Amino acid sequence: MTILVTGGAGYIGSHTCVELLNKGYDIIVADNFSNSHPESLKRAAELTGRLFRVVQLDLQDKCQVEELFSENEIESVIHFAAFKAVGESMKNPLKYYQNNLAGTMVLLEAMDRFNVKKLVFSSSATVYGKEADIPIAEKEEIGAANPYGRTKQMIEEMLNDLFQSDPKWSIAVLRYFNPIGAHKSGRIGEDPSGIPNNLLPYIAQVAIGRRDQLIIHGDDYETKDGTGIRDYIHVVDLAKGHLKALEKISYTPIYETYNLGTGKGYSVLEVVEAFQRACGRPIPYTIGTRRAGDSAVCYADATKAKNELNWAAAIEIDEMCEDIWRWQQQNPEGYASVEETAGVKEATGA
Ligand code: UFG
């Protein structure tokens, strides 16, 4: 049984590949490496001692995608491949609609044609509207506030329509809260290109000396210390949630949506403190203005995943920060410090 992992070289994708390989699944990774590095897959192979096929392709390339399905016995798909930067999506919405929607359409058409109807889809808590009750449960109305989030929302709707039209489809939609952390080995982790938008990669780069200081986007929210509150979840816990979802869709055809979060919220200042404990250095920061589109508080009601997937996040915030710090120290420039990546195909047996 082979699982196709689209976007498997990315941050969440590579950690999920490791968990799948460790559990004995055979996988094929399809990635265009537009925002990821083949080195992550080489390291996933090293960490697990498993070989797997890597195909460099863009999901919008219909011929290549169909070839992939005709040449391999694919049982299920975990679909990560997408652009994901909120700010960029606001500046260049068409890039996001084109890549995320068109790529998914081609994938779904090929799955349909080759009778591969089991899918785990990588969605986001960003699909929830601003009015959602906290903690946010899956039943809350969706209403994403930016083009990136709307691509996820539209794909969710597309998938629901597909299931209604043909109940042989079996689909789990996973809405992630704020994935952070890195593999315990320090070999794979988050490697943002350019200036990080997200809090933890930014703090880690301040700690290692690549950036001078953190700018906290507002301390006048109605929260305990005035800074924004989020549900930070360790990427390995998140990856394990995908395996549970994969099991679930395999038993019987379903269309279900699950929040993957811890159910706990931490403020920006609490995260800064946790990171300082992990790295043993001060993190200089200044207070800036609010960032457009940010909400004050966002954390999950993760009860449904616990009850139906038998999954719950286990790793606490201090350990999340320790793992990021290990990854950051071992890879100060991310995967860019690696010169030779051409070996990835041999290492992974492609
Ligand atoms: N923040 C700062 N300074 C920074 C970066 C972030 O103060 O330099 C603050 C933000 O204002 C927010 C918190 O840190 O209060 C977290 O911000 P992130 O950018 O790390 O994460 P977001 O919650 O804004 O968004 C993330 C992902 C989205 C995803 C969403 C899910 O970037 O893709 O979580 O809820 F959709």
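Can you find a residue in region 186-209 that is of a type in the set (Lys, Arg) and under 23 Å from the mean Cα position of the chain (by Cα)? Walk me through it before giving the result.
Taking region 186-209 as the starting set, the residues that turn out to be of a type in the set (Lys, Arg) are 187.
Right, trim to under 23 Å from the mean Cα position of the chain (by Cα) and you get 187.
Yes.
When you check residue 265 against the structure, is it within 11 Å of the ligand (Cβ to nearest atom) and open to solvent by less than 30 Å² (accessible area, probe 1.4 Å), yes or no?
yes
Does residue 303 meet the test of being β-branched (Val, Ile, Thr), within 22 Å of residue 323 (Cβ to Cβ) and either modelled with pLDDT of 95 or more or in contact with a Phe, Trp or Tyr (Cβ under 9 Å, 6 or more places away or on another chain) (or both)?
no
Is it true that residue 168 is in contact (Cβ under 8 Å) with a residue 60 or more places away in the chain, more than 15 Å from the ligand (Cβ to nearest atom) and more than 26 Å from residue 263 (Cα to Cα)?
Working: in contact (Cβ under 8 Å) with a residue 60 or more places away in the chain: yes; more than 15 Å from the ligand (Cβ to nearest atom): yes; more than 26 Å from residue 263 (Cα to Cα): yes.
It is true that residue 168 is in contact (Cβ under 8 Å) with a residue 60 or more places away in the chain, more than 15 Å from the ligand (Cβ to nearest atom) and more than 26 Å from residue 263 (Cα to Cα).
Any residue in region 318-335 that is of a type in the set (Asp, Glu) and at pLDDT 95 or above sitting within a Cβ distance under 9 Å of a residue that is surrounded by fewer than 18 Cβ atoms within 10 Å (Cβ to Cβ) and part of a helix (DSSP H, G or I)? List the pairs, counting only those 6 or more apart or interchain.
Within 9 Å, the pairs are 318/277; 322/277.
Given 27, 12, which one is modelled with pLDDT of 95 or more, over 17 Å from the mean Cα position of the chain (by Cα) and of a type outside the set (D, E, K, R)?
Details: 12 fails: over 17 Å from the mean Cα position of the chain (by Cα).
The conditions single out 27.
Can you find, within region 1-52, the residue that is nearest to residue 193 (Cα to Cα) among those that are surrounded by 24 or more Cβ atoms within 10 Å (Cβ to Cβ) and hydroxyl-bearing (Ser, Thr, Tyr)?
Per the criteria, the residue is 11.
Which residue pairs have Cβ atoms under 8 Å apart, sit 6 or more places apart or on different chains, and have a first residue in region 171-195 that is within 20 Å of residue 266 (Cβ to Cβ) and a second that is within 10 Å of the ligand (Cβ to nearest atom) and among the charged types (D, E, K, R)?
177/230; 177/231; 178/230; 178/231
Could you check region 281-302 and list, in sequence order, the residues that are loosely packed, with under 15 Cβ neighbours inside 10 Å and either away from the ligand (no atom under 16 Å from the Cβ) or within 12 Å of residue 262 (Cβ to Cβ) (or both)?
281, 282
With the requirement that a residue be among the β-branched types (Val, Ile, Thr) and in a helix (DSSP H, G or I), what does region 242-255 give you? Can you show your working first?
Here is the first cut: in region 242-255, the ones among the β-branched types (Val, Ile, Thr) are 249, 252, 254.
Correct list: 249 only.
Within region 96-118, is even one residue part of a helix (DSSP H, G or I), away from the ligand (no atom under 11 Å from the Cβ) and basic (Lys, Arg)?
Filtering region 96-118 for residues part of a helix (DSSP H, G or I) gives 96-113.
From the residues that got through so far, the ones that are away from the ligand (no atom under 11 Å from the Cβ) too are 96-113.
Still in the running and basic (Lys, Arg): 113.
So far as region 96-118 goes, yes, one or more of its residues are part of a helix (DSSP H, G or I), away from the ligand (no atom under 11 Å from the Cβ) and basic (Lys, Arg).
Being in contact with a strand residue (DSSP E or B) (Cβ under 7 Å, 6 or more places away or on another chain), more than 11 Å from the ligand (Cβ to nearest atom), open to solvent by 50 Å² or more (accessible area, probe 1.4 Å) and within 27 Å of residue 175 (Cα to Cα): is that true of residue 256 here?
So residue 256 fits the description; yes.
The values are calculated or read from the model by the stated rules, or taken from the named source; none is laboratory data. Bear in mind that the values here come from a model prediction, so they are computed numbers and not experimental data. Positions of Cβ are backbone-derived with ideal geometry, glycine not excepted, and every protein chain shown enters the neighbour counts. Accessible surface areas use protein heavy atoms only, side chains included; no ligands, DNA or RNA. Shrake-Rupley method; radii C 1.70, N 1.55, O 1.52, S 1.80 Å.
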